[in-house]
1. Checking E47 against (1) touching a residue at least 12 places away in the same chain (Cβ under 8 Å); (2) open to solvent by less than 40 Å² (accessible area, probe 1.4 Å); (3) over 18 Å from P104 (Cα atoms): exactly one of these is not met. Which one?
2. Please determine whether any residue of segment 154-172 is out of contact with any strand residue (DSSP E or B) (no Cβ under 7 Å at 6 or more places or on another chain), among the hydroxyl-bearing types (S, T, Y), at pLDDT below 80 and open to solvent by less than 90 Å² (accessible area, probe 1.4 Å).
3. Please work out which residue is farthest from C178 (Cα to Cα), limiting yourself to segment 195-212 and to residues that are open to solvent by 40 Å² or more (accessible area, probe 1.4 Å) and touching a residue at least 24 places away in the same chain (Cβ under 8 Å).
4. Residue check: is G34 in a helix (DSSP H, G or I) and open to solvent by less than 50 Å² (accessible area, probe 1.4 Å)?
5. Could you pull out every one of the helices (runs of 4 or more DSSP H) wholly within segment 192-249 that has 2 or more residues that are among the acidic types (D, E), within 27 Å of T69 (Cβ to Cβ) and modelled with pLDDT under 95?
6. Got a sec? Which of I131, I142, I80 is at pLDDT below 95 and either in contact with a Lys or Arg (Cβ under 9 Å, 6 or more places away or on another chain) or of a type in the set (V, I, T) (or both)?
7. Considering every residue within segment 118-125, establish whether at least one is at pLDDT 95 or above, closer than 27 Å to E36 by Cβ, assigned to a loop (DSSP other than H, G, I, E, B) and not hydrophobic (A, V, I, L, M, F, W, C).
8. Given the condition in a helix (DSSP H, G or I), closer than 21 Å to A174 by Cα, among the hydroxyl-bearing types (S, T, Y) and modelled with pLDDT of 95 or more, answer yes or no: does some residue in segment 110-117 qualify?
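The values are calculated or read from the model by the stated rules, or taken from the named source; none is laboratory data. This one's a predicted model, so the numbers in the text were calculated from it and none came from an experiment. Counting neighbours? That spans all protein chains shown, and the Cβs are built from the backbone with ideal geometry, glycine included. Note: areas computed on protein heavy atoms with side chains; ligands, DNA, RNA excluded. Shrake-Rupley method; radii C 1.70, N 1.55, O 1.52, S 1.80 Å.
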Amino acid sequence: MSASKAKSVVILTSGLSGSSVLAALLVRAGLWPGAETYRKEDYDTFENRELIALNMRLLEEAGYKGDYTREVSQQAVKDIAGLGSRIDDGLFRAMVEKCEQHRPWLWKDPRLWLTIRFWAKLLDLQECRFIHLTRGARQLWISSLLRRQMTTYRYLRSYEAEVGKLIAGFLDEARLPCLHITYEALIERPDDAIAQLNRYLGTRLSVGDLKAVYNGPLYRHPGGSWTFYARALLIYARNFSERRDLDRK
């Protein structure tokens, strides 16, 4: 990938979508994830810590006190988008300029579906490529339960659909190209998925690159074992009152 022609990449997704695997793959193609990334106990998310901090600040400046991982607020999206005329955006511009010094850069943060309309006013969108990453609702649900993020399957499907509409709406309004890819396709059909990425981004990734960043077996559905399913369903059964409250929303 020629640095002079390479486009920077923004991954738009909700949480627990497998985006860290995709991000790790793109880092192998030479994209810069930031000077310091957010590492969990068992893996690197490849999320720029400065981007995370500034996104959290945007939520605070907009007065948003909800839980973006469990609810979709159209008003919060609108309020954040309008912050450019209300706050000093110097820190945000400086962040973009720093990333531009390391082009091509990579942005990934599950808050971006809330904040991307603000950032769009500071980015050179024609020099960016957008990837909308999704994951099957059942796998998202199991992952949520295993992380003690209690939700019902019906509620999660509704949440994911609303997040997807907001992402698609932003891309349509800005008339931006986008590659939609599913986590399942990346793992089950890596040859096709990586070929799509290479055509879209001008990269030279291979299945070998994916094997280097993904711990599980490829060419198989990326679902957990029956033990994982059993654990998740046990957690679900033990939290009846919380899931009942969600069903009432």
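1. Result: E47 fails condition (3) only.
2. Within segment 154-172, one or more residues are out of contact with any strand residue (DSSP E or B) (no Cβ under 7 Å at 6 or more places or on another chain), among the hydroxyl-bearing types (S, T, Y), at pLDDT below 80 and open to solvent by less than 90 Å² (accessible area, probe 1.4 Å).
3. A212
4. No; evaluated as a whole, the condition is false for this residue.
5. Those helices (runs of 4 or more DSSP H) span 240-247.
6. Result: I142 is the single residue among I131, I142, I80 that is at pLDDT below 95 and either in contact with a Lys or Arg (Cβ under 9 Å, 6 or more places away or on another chain) or of a type in the set (V, I, T) (or both).
7. Yes, some residue in segment 118-125 is at pLDDT 95 or above, closer than 27 Å to E36 by Cβ, assigned to a loop (DSSP other than H, G, I, E, B) and not hydrophobic (A, V, I, L, M, F, W, C).
8. So far as segment 110-117 goes, yes, one or more of its residues are in a helix (DSSP H, G or I), closer than 21 Å to A174 by Cα, among the hydroxyl-bearing types (S, T, Y) and modelled with pLDDT of 95 or more.
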